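Peer 1: Take a look at this one; I'll ask things after.
Please treat every number below as a calculation from the coordinates, not as lab data. As the structure is a computational prediction, the values presented were derived from the model and not from experiment.
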Amino acid sequence: MTQVRTRIALKEWAVTVEALASGDQILLMRKGGIHEESKDFRIIHDEFLLYPTYEHQRSELLKQPYKKNLETLLSHKRDENIIEFNKWAKVHEIFEISNQDKIESLNGFHIWTDEYAQGRLNWKPMVPLSIILVRVYDLETTTSVPFIPEYQGCTSWVDIIPEVDMENKTPILSDTEFEIKANEIKKALGQ
């Protein structure tokens, strides 16, 4: 059963959250954050808020059309003491890949350059890369949360205080649109 309130958030580049929020992308690529407890990324929550982060975003790691999106995001004034939550995601499916052919087959399904995607795959080569298909929802109300030092750092999961209301949410993509995209990705992965 889907929760009505949550405190769990997944940190992701703001430009990636924007791509998820527009329906341009429905996948995430993860191996781990620098400061993950186990150094490996794990899906420990299958429903979570999307926490847009601004650290480590680099224009040269984005495909051409999305470089402008990053410039626009970075040009807007924002209060660094406040985090705004207005997107929620639910894990639809997870795939683990370990070879170059699979990463290349996903090229048309994400905003990152080939170099970024290959770098994610090649980092810690003995650990497979997680490809996470997520269904993203707009929350009716944006919740502003004060930034506290515990949210800082290169970790994936954050326990947000206070809880965020998710009762009224709308999927970014219709059921049909989402299924088409998910099936295209699965086909590209040979599933």
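Peer 1: Take the chain, connect every pair of alpha-carbon atoms lying under 10 Å apart with a spring to form a Gaussian network, then pick out the residue of R58, R30, R135 with the largest mean-square fluctuation.
Peer 2: Looking only at R58, R30, R135, the largest GNM fluctuation is found for R58.
Peer 1: Turning to a different aspect of this structure: Which whole-angstrom value gives the distance between the alpha carbon centres of segment 115-175 and segment 72-113?
Peer 2: 8
Peer 1: For a quick check: with amide H placed at 1.01 Å from N, whose amide H comes under 5 Å from W112's, ignoring anything fewer than 5 positions away on the same chain?
Peer 2: For W112, the qualifying residues are K63.
Peer 1: Further, regarding this structure: For a quick size check, give me the Cα extents of segment 5-188 along its three principal axes, largest first, whole Å.
Peer 2: Taking max minus min along each principal axis of the Cα atoms, segment 5-188 gives 42, 37, 33 Å.
Peer 1: Take the cross-link list K77/K169; K68/K169; K77/K186; K11/K68 and give me the ones stretching past 32 Å between alpha-carbons.
Peer 2: From the list (K77/K169; K68/K169; K77/K186; K11/K68), the Cα-Cα distance tops 32 Å for K77/K186.
Peer 1: Sticking with this structure for a sec: Please report the Cα spread of segment 139-184 along all three principal axes, rounded to whole Å, starting with the longest.
Peer 2: That works out to 40, 26, 11 Å along the principal axes.
Peer 1: When DSSP beta bridges are limited to those with both residues in segment 5-188, what percentage is antiparallel, rounded to the nearest 5? Don't jump to the answer; show the numbers that get you there.
Peer 2: Numbers: 30 of 35 bridges.
Antiparallel bridges: around 85 percent, rounded to the nearest 5.
Peer 1: Okay, moving on. Send over the Kirkwood Rh of segment 86-189, from the inverse of the averaged 1/r over different Cα pairs, rounded to one decimal Å. Don't skip to the answer; put the middle values down first.
Peer 2: Details: mean 1/r = 0.0618 Å⁻¹.
Across segment 86-189, the inverse of the average 1/r is 16.2 Å.
Peer 1: Please list the non-local residues whose amide H lies under 5 Å from the amide H of E12, H modeled 1.01 Å from N, same-chain partners needing a gap of 5 or more.
Peer 2: Y51, T53
Peer 1: Something else now. So who's got an amide H within less than 5 Å of the one on L173, skipping anything under 5 residues away but keeping other chains? H placed 1.01 Å off N, in plane.
Peer 2: Under 5 Å from the amide H of L173 lie the amide H atoms of V136, each far enough along the sequence or on another chain.
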